[in-house]
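Please read the structure below before turning to the comments.
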Amino acid sequence: MADSTKTAKLTIDGKDYELPIHSPTAGPEVIDIRKLYAQAGVFTYDPGFTSTASCDSTITYIDGGKGELLHRGYPIDQLAEKSHYLEVCYLLLYGELPSPAQLEDFESRVTNHTMIHEQMMYLFRGYRRDAHPMAIMVGVVGALSAFYHDSTDISDPWQREVASIRMIAKLPTIAAMAYKYSIGQPFVYPRNDLDYASNFLRMCFAVPAADYEVNPILSRAMDRIFTLHADHEQNASTSTVRLASSSGANPFACIAAGIACLWGPAHGGANQACLEMLQEIGTPDRIPEFIARAKDKDDPFRLMGFGHRVYKNFDPRAKVMKQSADEVLDLLGIEDNPTLQVAKELEKAALADPYFTDKKLFPNVDFYSGIILEAMGFPTSMFTPIFALSRTVGWISQWKEMISDPQLKIGRPRQLYHGETLRDYVDIENR
Ligand code: SDX
C-alpha cells in the first residue's frame with residue numbers, strides 16, 4: 001500500500017499526528033486513518049461516506065468532474081459501442097479483455113449455467129402474483145445459497161469462480177421467471193443457442209403458444225443496457241455486498257443483500273420511479289410544476305433520474321442511453337414517444353435552471369433507461385430487476401477482489417454517540 005512518502009499532519013489538543021497519504025493511479029489521494037483511533041483515540045465522522053474510501057480497488061474508476069467511467073481503464077462509451085456484455089463481464093472479473101479463445105470459453109461456461117435447480121420454481125409459488133419482481137429476486141437469489149453447496153466455500157478459489165459464473169448465468173433466468181410469474185405465464189427455459197441478451201428477451205416474451213423471434217435491434221439495445229449498468233465503484237449496493245461478504249457469508253446471500261439495497265428509489269429503483277414520474281408529468285406543459293416541486297425545500301419530491309453522488313458533470317451512461325433511446329424508438333418505428341418528449345424537455349428545462357446547474361444535478365443512468373425498456377415491452381416493475389441482473393457482475397467482481405485480499409477484515413464502523421450515558425435500572429413501581 002505504501003505508494004507515497006507524503007503525510008498529513010493532524011493536531012489534537014496540541015499533539016501532532018502524522019497520517020500516511022496514499023497516491024492512486026487516478027482520483028484523489030487518500031489519508032490513511034487506520035491507526036488514528038489507536039494513536040489519537042478519536043474516530044472520523046462521515047455518514048453517507050461522502051469523503052471516505054472504503055477499499056483499495058482496481059476494477060472501476062469514475063471521474064465525476066469529467067463525466068468519465070472506466071472499467072479496468074476502458075471508457076464506458078467505447079465498451080458500449082464496441083464490446084458486448086459478456087466480454088465486459090470477463091474484463092471486470094479478470095482485469096483484461098479476453099482473447100477470442102478466452103471469450104469463447106467464458107461464454108460457453110456462462111451459457112451452460114443458465115438453468116436453475118428445477119425445485120427452485122416452487123419458491124415462486126410462495127409469492128402473491130402481484131409481488132414486485134424485486135421482492136421475488138431478493139428471495140430466490142438468496143435461496144441459491146441453499147442449492148449450490150458445492151460453490152460456497154469462499155476460501156477455495158475454484159468454488160469462488162464457479163459461484164461467480166453461476167450468478168452471472170442464473171440472474172437473467174430468475175429475473176425472467178419473476179416477470180413470467182407476475183403476469184401468470186409459464187416459465188420459459190433458457191436456450192444455449194442464443195446469446196445472453198437474446199436469451200433473456202426470449203425467456204421474458206416467448207409463450208408456448210407461439211414462436212418467438214428475437215429482434216436483433218432489441219437484443220443489441222438490451223445488451224448495451226446490461227453493459228451500461230455492469231459496475232460503478234463503491235455505490236450503495238456494491239458496498240452492501242462488500243460489507244455482507246466481509247463476514248465470510250454465503251456469496252449468493254450477499255448478492256441478495258445487494259439486490260435489496262439496489263431496490264431503493266434513491267439507487268437502482270430510480271429507473272422505475274423516473275418513468276412513473278415522466279408518465280405523471282404526461283405533457284411538456286406540466287414540466288414547470290414538477291421543476292418547482294423539485295426545488296421546493298418543503299416538498300420531498302425529487303426529479304428521479306437526476307443527480308448523482310459522484311458525477312458533478314454529466315453521467316456518461318446517460319449520454320449513451322439517450323442516443324440508444326433515439327435509435328431504438330426510431331428503429332422500432334415508434335414516432336413521437338410522448339414520454340421521451342417529456343424527458344428531453346424536462347432535461348432541457350432543468351439544465352437551464354440554476355438550481356440544478358449550481359447543485360450540479362444532471363441526468364443519471366436511470367433517466368433514459370426506462371424509456372427504452374418500456375419501448376421493448378417491459379413493465380416499469382421489471383426495470384430494477386434488469387438493473388440488478390446487469391450489476392451482478394459488478395457485485396461479483398468487487399466481492400472476488402475483496403475476498404482474495406489477504407488483508408481482508410470484517411467491516412465494522414464505529415459511531416458518534418449522543419445517547420444516554422451510564423444510568424441504573426429503575427423498578428417499575430418507582431417510575
Ligand atoms: C444510481 O452511486 C452510484 O454510483 C449509483 C448508481 C450506480 O450505477 O450504482 O449510479 C445508480 O443510484 C443513480 C442515482 C439514481 N437516483 C435518483 O435518480 C434519485 C434522485 N436523485 C437523488 O435522490 C440524489 O441526487 C442522489 C441520491 C442520486 C445523490 O444524492 P447525494 O449525493 O446524497 O446528494 P444530496 O441528496 O445531498 O443532494 C444535494 C443537493 C440537496 O439540496 P441541498 O440540501 O444541498 O439544498 O441536491 C438536491 C438535494 O435536495 N438534490 C436534488 C436531487 N438530487 C439532489 N433536488 C432535486 N432533484 C434531485 N434529483
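The values are calculated or read from the model by the stated rules, or taken from the named source; none is laboratory data. Note that the coordinates shown come from a computational prediction; the quantities given were computed from them, not determined experimentally. Note that each Cβ is placed from the backbone with ideal geometry, even for glycine, and that neighbours are counted across all protein chains shown. Heads up: the accessible areas ignore ligands, DNA and RNA and are worked out on the full protein's heavy atoms, side chains in. Shrake-Rupley method; radii C 1.70, N 1.55, O 1.52, S 1.80 Å.
Out of everything in region 69-78 that is over 17 Å from the mean Cα position of the chain (by Cα) and in a helix (DSSP H, G or I), what residue ends up being surrounded by the fewest Cβ atoms within 10 Å (Cβ to Cβ)?
Per the criteria, the residue is Q78.
Search region 276-293 for residues being within 13 Å of the ligand (Cβ to nearest atom) and touching a residue at least 40 places away in the same chain (Cβ under 8 Å), and hand back the single one that is surrounded by the fewest Cβ atoms within 10 Å (Cβ to Cβ).
My answer is E276.
Restricting the search to region 36-80, which residues are in contact with a helix residue (DSSP H, G or I) (Cβ under 8 Å, 6 or more places away or on another chain) and of a type in the set (A, V, I, L, M)?
V42, I59, L69, L70, I76, L79, A80
Pull up region 16-51, narrow it to residues that are aromatic (F, W, Y) and closer than 22 Å to I410 by Cβ, then point me to the one that is most open to solvent (accessible area, probe 1.4 Å).
Checking each candidate, the answer is Y45.
Which one is most open to solvent (accessible area, probe 1.4 Å), of the residues in region 146-166 that are assigned to a helix (DSSP H, G or I) and either in contact with an Asp or Glu (Cβ under 6 Å, 6 or more places away or on another chain) or under 19 Å from Q119 (Cα atoms) (or both)?
The residue in question is H149.
Check whether at least one residue in region 167-184 is surrounded by 18 or more Cβ atoms within 10 Å (Cβ to Cβ) and not in a helix (DSSP H, G or I), and report yes or no. Walk me through it before giving the result.
Taking region 167-184 as the starting set, the residues that turn out to be surrounded by 18 or more Cβ atoms within 10 Å (Cβ to Cβ) are 167-182.
Right, trim to not in a helix (DSSP H, G or I) and you get none.
Within region 167-184, none of the residues are surrounded by 18 or more Cβ atoms within 10 Å (Cβ to Cβ) and not in a helix (DSSP H, G or I).
Looking at region 356-394, which of its residues are surrounded by fewer than 21 Cβ atoms within 10 Å (Cβ to Cβ) and β-branched (V, I, T)?
Answer for region 356-394, where residues must be surrounded by fewer than 21 Cβ atoms within 10 Å (Cβ to Cβ) and β-branched (V, I, T): T357, T380.
For region 348-382, how many residues are assigned to a helix (DSSP H, G or I) and within 12 Å of the ligand (Cβ to nearest atom)?
11
Which pairs have Cβ atoms under 8 Å, sit 6 or more apart or on different chains, and link a residue in region 298-314 that is farther than 18 Å from N235 by Cβ and touching a residue at least 40 places away in the same chain (Cβ under 8 Å) to one that is in a loop (DSSP other than H, G, I, E, B) and within 6 Å of the ligand (Cβ to nearest atom)?
L303/L361
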